[in-house]
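Below: one structure, written as structure tokens.
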Amino acid sequence: MTEIVVVTGAGGVGKTTLSASIGTALAAIGKRTLIITVDPARRLADALGVSLDGAGANRPTQVADTVGLEALMLDLTASWEAITRRHTDPETADRLLTNPYFRAVADRFPAAQSYAAGEQVAEFADSKVWDAIVVDTPPAAGGIDFFVAPRQMRDLIGGRMLRWLTGARIPGRRMLYRATARPMLRIADSVLGSALLEDIADFLIDLRSLYDGMAARAAAIERLFTSATVLVVTTDGPGPMREAGRFFRSLPEIDVRPNALVFNRSLPESWIRARGPQGSSPVDVAVRENMARWRVEARRNRDAREAMAARLDVPLITVPWMKDTPRDLESLRALAIDHSKLLSLVLNAE
């Protein structure tokens, strides 16, 4: 069984770097690993020192000098084309893929983007090519969208409003809306015109044809993520901590239990005990004053992460502050993250 590791949290907390580091560590112990980023930024490619643009639509790239490690920047357009062709007949798929309304839903509806990512992750997991897949989620809503998207898309396509407009059963081509909708549509027709309404009707009818396949797939994706190892990443900034707290408050809604709170850029405990030089020179005094300020900051940082982990009742993993962000494989391997604790979470979940 392929183990799924989902790395989530607010933007700017280091999710991509941690995803790359975890993937590197898994590959180092012999796990065939795929790292997927849903974030359209190029940070994963930069961190791994590879180009993810030239491999083709959703084709993983082998990471040089690392046996068993591949990476992929998700192509959402290609994902939606694959989803559409998987869940409906070729003629309907062709109509949907050239329909501007469908493109607007696929490109601009947040749940559609997250759902496409989930389908692609499930597709890779089903292939059984990899032992582990590490998913670097987008920062939107702290990653919550990634987990709720399957249900939201199922509700959108099979929802009451769409069924009311198109009928309980999918009607034939050019058969517009139900009789109960016609009074409202006559008003809309006078404003928008019958041609536009017919285009919209055709789109809605085609969209409903995806429902059965997507509903079954959405349920499978939800089961996959329910059994995944979920790591919520934060720093001690008020924004990231607020997003992490929001994720945990959403747990009853998304039916996911995070395996750990990963507190990135943690200040070292040794700074709390540091005292500095004892001399009386201006330099010694300045150094002591500076170290005193950092003692206070390090203590505040420690108290914040421990209090948050206790309040959320979740294991805490700290990742130390580093002067420079790791930007190559060597620095990723040197990242002083507690890989043994992280890997035990992942491996015990198998």
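The values are calculated or read from the model by the stated rules, or taken from the named source; none is laboratory data. All figures in this text were calculated on a predicted structure; none of them were measured in a lab. Methodologically, a virtual Cβ is constructed for each residue, glycine included, from the backbone with ideal geometry; neighbour enumeration extends over all protein chains shown.
Does the stretch 272-311 hold any residues that are more than 21 Å from G14 (Cα to Cα) and either touching a Lys or Arg at 6+ places or on another chain (Cβ under 6 Å) or among the basic types (K, R) (or both), and which are they?
I272, R273, R275, G276, R288, R293, R295, R299, R311 - these are the residues of the stretch 272-311 that are more than 21 Å from G14 (Cα to Cα) and either touching a Lys or Arg at 6+ places or on another chain (Cβ under 6 Å) or among the basic types (K, R) (or both).
Does the stretch 320-330 contain at least one residue that is surrounded by 19 or more Cβ atoms within 10 Å (Cβ to Cβ) and modelled with pLDDT under 85?
Checked against the condition, which is being surrounded by 19 or more Cβ atoms within 10 Å (Cβ to Cβ) and modelled with pLDDT under 85, the stretch 320-330 yields at least one hit.
Please return the ranges of helices (runs of 4 or more DSSP H) entirely within the stretch 1-114 where 1 or more residues are modelled with pLDDT of 85 or more.
Correct list: 15-28, 76-87, 90-97.
Quickly run through the stretch 301-315 and pick out the residues that are over 12 Å from A244 (Cβ atoms) and surrounded by fewer than 17 Cβ atoms within 10 Å (Cβ to Cβ).
D303, E306, A307, A310, D313, P315
Restricting attention to the stretch 264-283, does a residue exist that is on the phi > 0 side of the Ramachandran plot and in contact with a Ser or Thr (Cβ under 7 Å, 6 or more places away or on another chain)?
yes
Could you tell me how many of the residues in the stretch 225-240 are modelled with pLDDT of 90 or more and in contact with a helix residue (DSSP H, G or I) (Cβ under 8 Å, 6 or more places away or on another chain)?
Final tally of qualifying residues: 6.
Please verify whether N290 is surrounded by 13 or more Cβ atoms within 10 Å (Cβ to Cβ) and in a helix (DSSP H, G or I), treating the condition exactly as stated.
The answer is no for N290.
Being within 25 Å of A132 (Cβ to Cβ), at pLDDT 85 or above and of a type in the set (A, V, I, L, M, F, W, C) is the requirement here; does V262 meet it?
Yes; evaluated as a whole, the condition is true for this residue.
If you check R295 against the conditions, is it farther than 30 Å from T226 by Cβ, outside any helix (DSSP H, G or I) and either in contact with a Pro (Cβ under 8 Å, 6 or more places away or on another chain) or not β-branched (V, I, T) (or both)?
For R295, the condition - farther than 30 Å from T226 by Cβ, outside any helix (DSSP H, G or I) and either in contact with a Pro (Cβ under 8 Å, 6 or more places away or on another chain) or not β-branched (V, I, T) (or both) - is not met.
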